[in-house]
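Here's the structure, in structure tokens; my notes come after.
The values are calculated or read from the model by the stated rules, or taken from the named source; none is laboratory data. No experiment lies behind these values; they were computed from the predicted model shown. Cβ placement follows ideal geometry from the backbone for every residue including glycine, while neighbour counts extend to all protein chains displayed.
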Amino acid sequence: MDWKLKSFEELSKEELYQIVKLRIDVFIVEQDCPYHELDDMDQKAHHLFLAEGSAILAYCRLFRSGWVYDEASIGRVIVRSRDRGKGHAKALLDKALSFLENEWKETAVKIKGQDYLRSFYRSFGFQEVSEVYLEDGIPHVDMVKSFSGAPR
């Protein structure tokens, strides 16, 4: 298994296909939520994923501050259903947050998390900054994390 971080241009066709397939399998099929998965934002993102051969086990996309929110952003956080419970989500968030803070020198990150994952995100230092709201019929909450040393 290998962790990879790539810009859109660096993704191979097979990697992009597997990423989109995983996102559709979980966000649309498993969660029974028809929405526009391809949102014209992938081209601006960096893509962090755990690969085993050609399979993608865990994935998220990262945005610099100003692209989605004033803060940096992490989105499309996902772990393949048969690989859940193995610590991949925690490792994924650890790597994403470390990259944003140490490589891009971001001072804060904002996410739009599904409400049922609120305590998971809190364990990384995220705090709610919105009430729960429905997006595509699924309860979400906006959360922000400031990095140590960053103004609050």
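Phe99: closer than 22 Å to Phe124 by Cβ and touching a residue at least 24 places away in the same chain (Cβ under 8 Å), yes or no? So Phe99 fits the description; yes. Meeting the requirement of 1 or more residues that are surrounded by 17 or more Cβ atoms within 10 Å (Cβ to Cβ) and more than 14 Å from the chain's Cα centre (by Cα), the strands (runs of 3 or more DSSP E) wholly within segment 45-101 are 46-52.
If the requirement is being loosely packed, with under 13 Cβ neighbours inside 10 Å and modelled with pLDDT under 95, which of these qualifies: Asp40, Asp25? Even if it seems obvious, please write down each step before you answer.
On the way: Asp25 fails: loosely packed, with under 13 Cβ neighbours inside 10 Å.
On inspection, the qualifying residue turns out to be Asp40.
Restricting to segment 120-152, and then to whatever is polar (S, T, N, Q) and assigned to a strand (DSSP E or B), can you tell me which residue is surrounded by the fewest Cβ atoms within 10 Å (Cβ to Cβ)?
Gln127
Residues in segment 102-119 that are surrounded by 13 or more Cβ atoms within 10 Å (Cβ to Cβ), closer than 22 Å to Cys33 by Cα and not charged (D, E, K, R): Ile111, Gly113, Gln114, Leu117. When we screen Asp25, Asp40, Asp83 for residues that are closer than 23 Å to Asp142 by Cβ and charged (D, E, K, R), the only hit is Asp40.
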